[in-house]
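Working notes, structure below.
The values are calculated or read from the model by the stated rules, or taken from the named source; none is laboratory data. Since the model is a prediction, treat every value here as computed from it, not as a measurement. No Cβ is skipped: glycine too gets one built from the backbone with ideal geometry, and neighbour counts run over all protein chains shown.
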Amino acid sequence: MHTHITRYRNKLSAHILVFATAALALSIHAQANRAPLSDREIARRERNAQYDKLNLRGKNVFVVDRSDKFITTPGVDIAGEFDVAETPPTVKLQILPDMEPEYFSEDAYQAGWANWAKITRSDDNRFFISASDHLGRGAQVNLYAYDPSDDTLKRVLDVGDTLGWHDDMYTDGKLHGRVGIMPDGTLWGATHRGPTPTEAWWKAGYRGSWLFSYNIHSGESKNWGVPLIGNSLPVHTLDSERGIFVATGALAPTLLSWDVNEKRVRFAGSLPNGWVWNARSMFLDQETGHFWGMDSSEKPYRFMSFDPELNRFKRHEVEVPAHPDSGNQGILRGHTKRPAADGWYYWATINGAFFRFRPDWDNGPRVEVIGTVWDKGRDVLQMALSPDERYVYYQPKGYPAPLVQYDVETGRKKAIAFLQDYYFDKYGYWPFSHVYGLEISNDGSFIVIVDNGTFEGRNRSFGHPSVAVVEIPESER
């Protein structure tokens, strides 16, 4: 018996040695074949180390701050009338975890971690957020959840793993639309390209953007393939009541309508009459199930709508509002998902025109210009409506970029907080110049923002996106 045991141990030790040697060889091979960092990334790494004076990048919890500086107007000229909150909010901020590698090689195109998509809140008050590295090969796309019940921010899905991506594969490089959640907890989203696909991509088997689902309760995820062959899907919206997912095409003027319940394509192709659904905004009229956007095939830009039940398109003779000062039209951007207490939806254009909107398929939409979203007009990517339907919240791009509260009853804009200078002075982190995602809690007590900040100096962005949770003091709401 002792002899058999000894022989078994010797064989086991030999196998372990072989496996260990193979693993070491693979590790050495991987390191030897890893491309060196580009000069740009080496310089960025050095700047990050210089500015990140409190190691904010290394913390895996929220830092918590509250200061009267939050409600101090920056010493720069700001045009337009606005109020400033009297009570400073408490703000929590954390750099997104699991962004690896942190720096990239010289052959990477526009490499750098960033958020490009909107935030979606689930019925149980969790917030779903994405960040990705924008690569064209070996891309990583992360889906995160912020759970206020235990104050945790964690990655819940490696999207590329679900889709079967690998390091040598040409793939999309980010999420860009608004993921939606069905009543059973199934989240639906689509990827979008990083670099523009070249002929090499198509020859290597790239077919277009992927559709995926993820159940926020069970954790089950599925790859639903490429539903719009030859195209990328930058903007999408889910009608969770009817189970219709609609996305715009970016490589060619197309549109996708996917039936979530029946798991099939309802429409995939070009629009009639040469119309082009602009690939930067998709509005859902929840009452009718119609989707709205704008035709950018010719100027002046006009509103258009899509009926997924009958696959009908209609362009309306109603123009997208121009900027009230310059008179220039801009493409449609952020909007509220629900009508406010006054019955209007609120919407903005890329050049900062601010207007309210009522959809009407038969007679054309009603549009009333309010002014600008902030001072001379800024881009706004997502708007959130308070539960009592009185306040619209948003964060304009640029500097200074306060969290803005718009009162639909009085028409006044209020700066809830100016945060950029404070975080740069304390942490060396420049935030909130490029906010793409913003959502409000189910009770209206706080706002969750995903921000494309950086440790590279003032008025710079991208590289280390973060999540900020901004309390709305009760006296300010």
Query raised in the report: So which of 82, 62 ends up being surrounded by 13 or more Cβ atoms within 10 Å (Cβ to Cβ), farther than 30 Å from residue 145 by Cα and at pLDDT 90 or above?
Result: 82
Query raised in the report: Mind checking which residues of segment 449-477 are under 14 Å from residue 119 (Cα atoms) and either surrounded by 23 or more Cβ atoms within 10 Å (Cβ to Cβ) or touching a His at 6+ places or on another chain (Cβ under 9 Å) (or both)?
Result: 449, 450, 451, 452, 465, 466, 467, 468
Query raised in the report: Of the residues 333, 312, 338, which is at pLDDT 95 or above, surrounded by fewer than 15 Cβ atoms within 10 Å (Cβ to Cβ), closer than 26 Å to residue 436 by Cβ and not aliphatic (A, V, I, L, M)?
Result: 338
Report summary line: Here the residues within segment 402-460 that are basic (Lys, Arg) and in a strand (DSSP E or B) are 413, 414
Query raised in the report: So is residue 224 more than 21 Å from residue 119 (Cβ to Cβ) and buried (at least 21 other Cβ atoms within 10 Å of the Cβ) or not?
Result: no
Query raised in the report: Of the conditions (1) under 29 Å from the mean Cα position of the chain (by Cα); (2) modelled with pLDDT under 95, residue 55 fails just one. Which one is it?
Result: (2)
Requested in this report: Please list, ordered by first then second residue, the pairs with beta carbon atoms under 6 Å, 6 or more apart or interchain, first in segment 431-456 and under 16 Å from residue 378 (Cβ atoms), second among the acidic types (Asp, Glu).
Outcome: 431/451; 432/451; 435/451
Requested in this report: Kindly indicate the residue of segment 191-220 that is under 20 Å from residue 247 (Cα atoms) and among the hydroxyl-bearing types (Ser, Thr, Tyr) and also modelled with the lowest pLDDT among those meeting that condition.
Outcome: 196
Query raised in the report: Give me the pairs: first residue in segment 188-215 and farther than 19 Å from residue 258 by Cβ, second residue in a strand (DSSP E or B), beta-carbon distance under 6 Å, and six or more apart or on different chains, which are they?
Result: 201/170; 204/170; 206/170
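Please determine whether any residue of segment 122-131 is touching a His at 6+ places or on another chain (Cβ under 6 Å) and either over 27 Å from residue 180 (Cα atoms) or of a type in the set (Val, Ile, Thr) (or both).
No: segment 122-131 contains no residue that is touching a His at 6+ places or on another chain (Cβ under 6 Å) and either over 27 Å from residue 180 (Cα atoms) or of a type in the set (Val, Ile, Thr) (or both).
Would you check if residue 280 is under 23 Å from the mean Cα position of the chain (by Cα), assigned to a loop (DSSP other than H, G, I, E, B) and surrounded by fewer than 17 Cβ atoms within 10 Å (Cβ to Cβ)?
Judged against the criteria, residue 280 is not a match.
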**Report entry** Selection within segment 277-309 - touching a Ser or Thr at 6+ places or on another chain (Cβ under 6 Å) and at pLDDT below 95
**Finding:** 279
